[in-house]
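Since the structure comes first, as structure tokens, the remarks are kept for the end.
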């Protein structure tokens, strides 16, 4: 089970890289096409489950709308942050979701963890602070991107919480089809309101949008939804702290976004935080 989660994290770690490759495309459009293409690909697989799907929607429509909204908000704010701050800042600050996820799990799911969870939280937050503290307020655009990343983290924690609460009631592909579809509609509506041109996108950008759909979204996020049925939410949130470590390392080699020793020390603390939660999960 945990090995599958590792695969999801490895795939998700390429999200930030691929989004940079997409180029100068509005964040609303990137988020919209990522979810629209995903729902489109999943549509044939849920046709024969139509009655089950419609009944599930009827019984859970309020939570489904909330889930779709927070997933849409997560993608938009995170992609927008990537376009106004560094990959390291964006992903590490978005990774405040373990804190939000742990608090929400205690309140709504009664999943409290143990003393090692608190230890992991301290190490994780300390690691993120070390990484971003030096130039957190260095420029307006960076600060805006940082704040968007934090909103993205909170939105993602709420999205996973809802998946944990109602996801088990329906087959996984039908569930993510509904959520991706709702989010795509919301993002598409926002794009229309902002008078965005849905087709003013370069050829190479289309290619990377499809790659973003097939990899990080259909594979990565769908596995996360599946994992939320099997694993406590706070553990999933902590495991995702490995994503920014990998993404930042990728960015060093691909975009030459070299990091100082703050990254090394901070990343080490983040990895310790993950270890503390999973290694002692039975204690």
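The values are calculated or read from the model by the stated rules, or taken from the named source; none is laboratory data. Being a predicted model, the structure only gives us computed values, none of them experimental. Positions of Cβ are backbone-derived with ideal geometry, glycine not excepted, and every protein chain shown enters the neighbour counts.
Brief remarks follow.
- Listed by position, the helices (runs of 4 or more DSSP H) enclosed by region 228-283 that each have at least 3 residues that are out of contact with any strand residue (DSSP E or B) (no Cβ under 8 Å at 6 or more places or on another chain) and more than 21 Å from residue 121 (Cα to Cα) are 242-254.
- Test result for residue 153, at pLDDT 90 or above, crowded, with 24+ Cβ neighbours inside 10 Å and closer than 16 Å to residue 239 by Cα: yes
- Sole residue being over 14 Å from residue 27 (Cα atoms) and either within 18 Å of the chain's Cα centre (by Cα) or touching a residue at least 12 places away in the same chain (Cβ under 8 Å) (or both), chosen from 188, 220: 220
- Qualifying residue in region 192-199 (condition: on the phi > 0 side of the Ramachandran plot and without any contact (Cβ under 8 Å) to a residue 60 or more places away in the chain): yes
- Meets criteria (loosely packed, with under 14 Cβ neighbours inside 10 Å, assigned to a helix (DSSP H, G or I), modelled with pLDDT of 85 or more and at negative phi) for residue 219: no
- Candidates in region 127-144 are the residues that are buried (at least 16 other Cβ atoms within 10 Å of the Cβ) and under 26 Å from residue 233 (Cβ atoms); of these, the one that is modelled with the lowest pLDDT is 132.
- Every condition in (1) under 30 Å from residue 173 (Cα atoms); (2) more than 16 Å from the chain's Cα centre (by Cα); (3) at pLDDT 90 or above is met by residue 194 except one, and the failing one is (1).
- Checklist (1) on the phi > 0 side of the Ramachandran plot; (2) buried (at least 20 other Cβ atoms within 10 Å of the Cβ) applied to residue 86, failing item: (1)
- The residues in region 61-105 that are within 17 Å of residue 145 (Cβ to Cβ) and at pLDDT 95 or above can be counted, and the count is 1.
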